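The values are calculated or read from the model by the stated rules, or taken from the named source; none is laboratory data. Here the structure is a predicted model, which is why all the values come from computation and not from measurement. Every residue, glycine among them, receives a Cβ derived from its backbone with ideal geometry; neighbour counts consider all protein chains shown. Ligands, DNA and RNA are excluded from the accessible area calculation, which covers all protein heavy atoms including side chains. Shrake-Rupley method; radii C 1.70, N 1.55, O 1.52, S 1.80 Å.
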Amino acid sequence: MLGAAMDFTYPPETELVRAAARAWLDENLDDDLRALRLLGDGSELAQLERLRGWNRKLADAGWAAVAWPGEYGGRDAGPLEALVVSEEMSRANAPGPLNPIGLANIAPAIMAYGTPEQKLRFLRPMLRGDHIWSQAFSEPDAGSDLADLRTRAERDGDAFVVNGAKIWNTLGHIADYCELLVRTDLDAPKHKGITCLLVDLRLPGIEIRPLVNIVGESDFTQIFFDDVRVPASAQLGPVNEGWRVAMATLAHERGGVAHLHPIVRRRVDELWALARSTPLGSRTAADDPLVRQSLATVTAEAELLRLVSFRALSAAVKGRPPGPESSIAKLHWTSVVQHAAEIAAEIAGSASVTGDVARGRVSARSSSIAGGTTQVNKNVIATRILGLPRSH
Ligand SMILES: Cc1cc2nc3c(=O)[nH]c(=O)nc-3n(C[C@H](O)[C@H](O)[C@H](O)COP(=O)(O)OP(=O)(O)OC[C@H]3O[C@@H](n4cnc5c(N)ncnc54)[C@H](O)[C@@H]3O)c2cc1C
């Protein structure tokens, strides 16, 4: 793999997967589908059923989650094959499956810890977008220090009775299920008394409130639990061992950063196109030396992200779980998406104060928080890569 990454070629069998994905997308994707995106601006419900139709088509053709085992609807593909399929999806500007969090983070935890009944019940509908999943981990007072979570569950007969509140649940407004972390032992050390539940969000006592973000969109929520009776069969993994399940979920979230560089590359190409089509004096923004310098810098940064991502991917190819190199990829990804958003504003000039460019610029700020903050990732790099002492 390292050799493949260094000379920028993929093994022939990986290229066969790429060719098959490209042919299928050429055949099945049209401009109407390309325009579909869940924006969280109120238009998402209208788009939802069309996206679901596209998701089912992807899943039924085996392209929704190629790295999943064949028995659950994937192709048993390795990390490189999964990457080239991501590259082709991005090249074609295809909307992804409805369940990015479910497919990438929650499903691997269900595969590792779920009972046969749970796997049968949840994985296929998740793959096809029939059920949308959200991750209900963070709480108002437990984010970076997730193990501080307070949402409680007490066993009562054949159910857990859940009380508490979760926050920042991406896709919560359209989700059918969530992966929920609850405290089941108040006396145990904080990492030891947590249990993971797979919760049907239609249960009585659950209230989902949308959160409006800084650009007025609402793609995450708060979820309140008031004496919610969750069947004991919803328990994922052993009771009080939910921290291990959470770590498995988050390891996949971190590892997923290695798949983001094709999207960034596409964004950089769009920036070049924007510069070429934006008039500046008698020429275009792309002729301006300062704009060209910015574009050259962000192009190099996107390429660096690809190389950093290959490093993380190399570990996956060797069968190692995502390690601290994912933190480098996350930090660099954050920096390049935020820089790209600033350059879009630089190109658009006064037109950047409103509309999509302004929205993109402000939205990009959240990338330094979502999926682990910049400061926390720097701590990981400091202690696990540089060997610096922990602060007290
Ligand atoms: C767009 C977006 C989507 C999200 N989606 C989800 C989701 O689907 N499900 C979910 O459960 N959560 C989700 N989150 C929540 C996210 O995981 C948390 O916001 C994140 O972990 C930070 O937690 P916090 O907001 O509580 O901030 P805090 O942990 O309170 O951090 C506040 C500040 O202190 C810094 N800090 C904290 N600890 C340290 C430390 N040890 N050393 C140095 N600095 C530190 C942080 O970097 C930050 O700047 C999402 C967040 C965003 C922005």
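Structure notes:
- Residue match in the range 319-334 (condition: of a type in the set (S, T, N, Q), out of contact with any Gly (no Cβ under 8 Å at 6 or more places or on another chain) and free of Cβ contacts under 8 Å to residues at least 60 places away in the same chain): yes
- Residues that are open to solvent by 20 Å² or more (accessible area, probe 1.4 Å), away from the ligand (no atom under 12 Å from the Cβ) and outside any loop (DSSP other than H, G, I, E, B) within the range 133-167 comprise Arg152, Glu154, Arg155, Asp156, Val161, Asn163, Gly164, listed in sequence order.
- Filter result (within 11 Å of the ligand (Cβ to nearest atom) and without any contact (Cβ under 8 Å) to a residue 24 or more places away in the chain) within the range 353-369: Ile369
- Selection over the range 360-392 of residues that are at pLDDT below 90 and of a type in the set (D, E, K, R) gives a count of 1.
- Number of the exception - Thr170 against (1) within 12 Å of the ligand (Cβ to nearest atom); (2) among the β-branched types (Val, Ile, Thr); (3) open to solvent by less than 40 Å² (accessible area, probe 1.4 Å); (4) closer than 23 Å to Ala104 by Cβ: (3)
- Any helices (runs of 4 or more DSSP H) falling wholly within the range 276-392 and containing at least 1 residues that are open to solvent by less than 50 Å² (accessible area, probe 1.4 Å) and in contact with a Phe, Trp or Tyr (Cβ under 7 Å, 6 or more places away or on another chain): 289-317
- If only residues of the range 186-244 that are in contact with a His (Cβ under 6 Å, 6 or more places away or on another chain) and more than 14 Å from Asp176 (Cα to Cα) are counted, the one that is modelled with the lowest pLDDT is Pro210.
- Checklist (1) open to solvent by less than 50 Å² (accessible area, probe 1.4 Å); (2) touching a helix residue (DSSP H, G or I) at 6+ places or on another chain (Cβ under 7 Å); (3) not β-branched (Val, Ile, Thr) applied to Ala232, failing item: (2)
- Condition check for Asp176: open to solvent by 10 Å² or more (accessible area, probe 1.4 Å) and under 24 Å from the mean Cα position of the chain (by Cα): yes
- Residue within the range 123-138 that is among the polar types (S, T, N, Q) and touching a Cys at 6+ places or on another chain (Cβ under 6 Å) present: yes
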